[in-house]
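**Student:** Below you'll find the structure I mean.
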């Protein structure tokens, strides 16, 4: 069963994984995560995504694969206080 995480925690996890991508690191470039976005659960139960990133376009495929792996592992926690989830407001 996927683990629930807060939006800020998911973004931090995405950034940590982006920082660990060897191809990007070897080139001496940086890629930055955008905020994760809630959406209604899809057919696989995934309820968040990250549209795009900040950095060189050359890494779009690697970033998308990483995001898709994390979406399989984690779900966005929607049980937080309303003030902590502006994506639902």
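**Student:** How would you order 55-61, 13-19 from highest to lowest mean count of nearby Cβ atoms within 10 Å?
**Tutor:** Listed from highest to lowest mean packing, they are 13-19, 55-61.
**Student:** Evaluate the distance, in nm, between pseudo-label points positioned 7 Å from the Cα of residue 22 and of residue 68 along their respective Cα→Cβ axes.
**Tutor:** Label at residue 22, label at residue 68, 2.1 nm between them.
**Student:** With angles folded into 0 to 90 degrees, how steeply does helix 7-19 sit against the dominant principal axis of the chain? Use alpha carbons for both and round to 10.
**Tutor:** Value to nearest ten degrees: 20.
**Student:** Could you tell me how many degrees, from 0 to 90 and to the nearest 10, lie between the Cα long axis of helix 60-73 and the main elongation axis, the longest principal axis, of the Cα atoms of the chain?
**Tutor:** 30 degrees
**Student:** Calculated from DSSP H runs of 4 or more alone, at -39500 (n - 2.57) each and per residue, what is the 222 nm mean residue ellipticity of the chain, nearest 500?
**Tutor:** -11000 deg cm²/dmol
**Student:** If you don't mind, there's one more thing I want to ask. Once fully extended, how much extra length lies between residue 54 and residue 15, figured as 0.36 nm per residue of separation less the alpha-carbon to alpha-carbon distance?
**Tutor:** Full extension from residue 54 to residue 15 adds 12.9 nm.
Just so you know, all these numbers are worked out from the coordinates, no wet-lab data involved. Quick caveat, the model's predicted, so the values are computed rather than measured. Ideal geometry is used to build each Cβ from the backbone, glycine not excepted, and the neighbour counts take in all protein chains shown.
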